[in-house]
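Worksheet for the structure shown next.
The values are calculated or read from the model by the stated rules, or taken from the named source; none is laboratory data. Note that the coordinates shown come from a computational prediction; the quantities given were computed from them, not determined experimentally. Glycine gets a Cβ as well: all are built from the backbone with ideal geometry, and neighbour counts include every protein chain shown.
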Amino acid sequence: MHDNLIILAGGASSRMKKQVTLDNLSEEEIAQANERSKGLIGVGPNGRPLLDYLLLNAKKAGYKNIYIIIGEQGDLFKEFYGSENKNNDFHGLTISFATQYIPEGRVKPFGTADALFQAVEQYPELNSQDYSVCNSDNLYSAEALYALRETKSPNAFISYNRDALEFPSERISRFAIAKLNENNCLLDILEKPTAAVLDSYKDAEGILRVSMNAFKFNGAILYPYLKNCPVNPERDEKELPTVLLNAIKEHPNTALGIPFSEHVPDLTAKEDIAEVKAYLKKHYPQLDWNV
């Protein structure tokens with residue numbers, strides 16, 4: 001088992017900042033959506049951010065060391081989780097921050113693979129350890145996070161049953177799907193799948209599997225592929241699925257798809273805020289850190 005969880009929170013949140021007209025959000029919620037990183041939007045019953053709930057589940061799963069990757073304007077994270085760059089104590093978790101700097105000539109961050117690369121450059125000890133990685137704007141269950149922490153596979157990801165995700169079908173249809181072999185090891189990830197290829201991507205149980213960016217990596221194996229990650233020509237970003245696919249080309253059968261069938265609350269756009277608030281009110285009526 002390992003104790004390290006890296007949380008990706010340095011993105012530009014461009015979809016969240018799009019202007020929409022919604023009558024179920026307060027002016028304060030709209031302001032937060034426009035100004036804050038998604039994980040810091042106050043969706044809890046007491047106005048605490050979504051990231052609190054992810055950290056609670058990480059603690060339940062047994063993680064000790066949390067590395068939050070923030071942007072260059074990420075000072076608000078330190079107001080919530082500790083003013084020091086390293087080793088802040090937050091309800092028994094040790095929280096450190098890594099900064100994803102924007103390269104000269106760009107206006108937006110360079111993607112998830114660049115974020116992770118900058119983090120392991122700032123904390124090089126991770127390159128000789130195992131660690132998990134996840135988004136800051138998804139609420140992964142403690143069970144899913146524990147599955148990443150306990151797997152013996154060098155690399156892994158939570159392989160979600162697409163039909164168990166409680167999103168509109170049009171949104172789900174855009175999710176990348178994973179192709180696994182008979183042992184649930186990753187073979188391929190297909191972005192924006194068409195209906196014609198779906199059957200060929202079903203797993204041994206006949207289920208379509210998707211990744212929600214919840215990974216476990218072996219730092220030593222992954223580092224060279226992180227460092228040399230190519231830029232996705234369509235999105236002009238360096239992306240973690242690309243890193244993982246390049247790694248398994250030379251290290252086959254080292255990326256296990258861990259099957260899970262459950263919903264993953266997601267804060268991508270303003271339309272998600274009310275739904276996430278309702279989910280938290282139902283499933284997390286209070287934040288109890290005594291776990």
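Does Ala144 fit the bill of being among the aliphatic types (A, V, I, L, M), closer than 25 Å to Tyr63 by Cα and in a helix (DSSP H, G or I)? Against the criterion (among the aliphatic types (A, V, I, L, M), closer than 25 Å to Tyr63 by Cα and in a helix (DSSP H, G or I)), Ala144 qualifies. If you check Asp203 against the conditions, is it over 30 Å from Lys277 (Cα atoms) and out of contact with any helix residue (DSSP H, G or I) (no Cβ under 8 Å at 6 or more places or on another chain)? For Asp203, the condition - over 30 Å from Lys277 (Cα atoms) and out of contact with any helix residue (DSSP H, G or I) (no Cβ under 8 Å at 6 or more places or on another chain) - is met. Filter the range 197-206 for residues that are at negative phi and either surrounded by fewer than 18 Cβ atoms within 10 Å (Cβ to Cβ) or of a type in the set (D, E, K, R) (or both) and give the result. Selection gives Val197, Leu198, Asp199, Ser200, Lys202, Asp203, Ala204, Glu205.
Residues of the range 94-134 that are over 17 Å from Asp3 (Cα atoms) and polar (S, T, N, Q): Thr99, Gln100, Thr112, Gln118, Gln122. Of everything listed in (1) surrounded by fewer than 17 Cβ atoms within 10 Å (Cβ to Cβ); (2) within 16 Å of the chain's Cα centre (by Cα), the single unmet condition for Leu245 is (2). Within the range 207-220, residues that are at positive phi reach partners that are not hydrophobic (A, V, I, L, M, F, W, C) with beta carbons closer than 9 Å, at six or more positions or on different chains, in the pairs Asn213/Thr112; Asn213/Asn135; Asn213/Asn138; Asn213/Pro241. Per the listing Glu104, Glu125, Glu143, the residue uniquely more than 24 Å from Val291 (Cα to Cα), at pLDDT 95 or above and charged (D, E, K, R) is Glu125. Starting from residues that are among the hydrophobic types (A, V, I, L, M, F, W, C) and farther than 22 Å from Asn138 by Cβ, keep the ones in the range 180-196 and report whichever is surrounded by the most Cβ atoms within 10 Å (Cβ to Cβ). Checked the range 180-196; the qualifying residue surrounded by the most Cβ atoms within 10 Å (Cβ to Cβ) is Cys185.
Would you mind stating whether Ser37 is farther than 30 Å from Lys152 by Cβ, surrounded by 18 or more Cβ atoms within 10 Å (Cβ to Cβ) and among the hydroxyl-bearing types (Ser, Thr, Tyr)? Considered against the rule, which asks whether it is farther than 30 Å from Lys152 by Cβ, surrounded by 18 or more Cβ atoms within 10 Å (Cβ to Cβ) and among the hydroxyl-bearing types (Ser, Thr, Tyr), Ser37 comes out as yes.
With respect to Ile177, determine if the residue is surrounded by 15 or more Cβ atoms within 10 Å (Cβ to Cβ), more than 22 Å from Ala61 (Cβ to Cβ) and of a type outside the set (Asp, Glu). So Ile177 fits the description; yes.
Listed residues Ala164, Ala147, Ala156; which is touching a Lys or Arg at 6+ places or on another chain (Cβ under 6 Å), in contact (Cβ under 8 Å) with a residue 60 or more places away in the chain and either buried (at least 18 other Cβ atoms within 10 Å of the Cβ) or within 12 Å of Pro259 (Cα to Cα) (or both)? Sole residue among the options that is touching a Lys or Arg at 6+ places or on another chain (Cβ under 6 Å), in contact (Cβ under 8 Å) with a residue 60 or more places away in the chain and either buried (at least 18 other Cβ atoms within 10 Å of the Cβ) or within 12 Å of Pro259 (Cα to Cα) (or both): Ala156. For the range 249-271, residues that are surrounded by fewer than 21 Cβ atoms within 10 Å (Cβ to Cβ) and either in contact with a Cys (Cβ under 8 Å, 6 or more places away or on another chain) or free of Cβ contacts under 8 Å to residues at least 40 places away in the same chain (or both) total 5. Counting only helices (runs of 4 or more DSSP H) wholly contained in the range 19-137, the ones carrying 2 or more residues that are under 28 Å from Lys282 (Cα atoms) and within 15 Å of the chain's Cα centre (by Cα) occupy 50-60.
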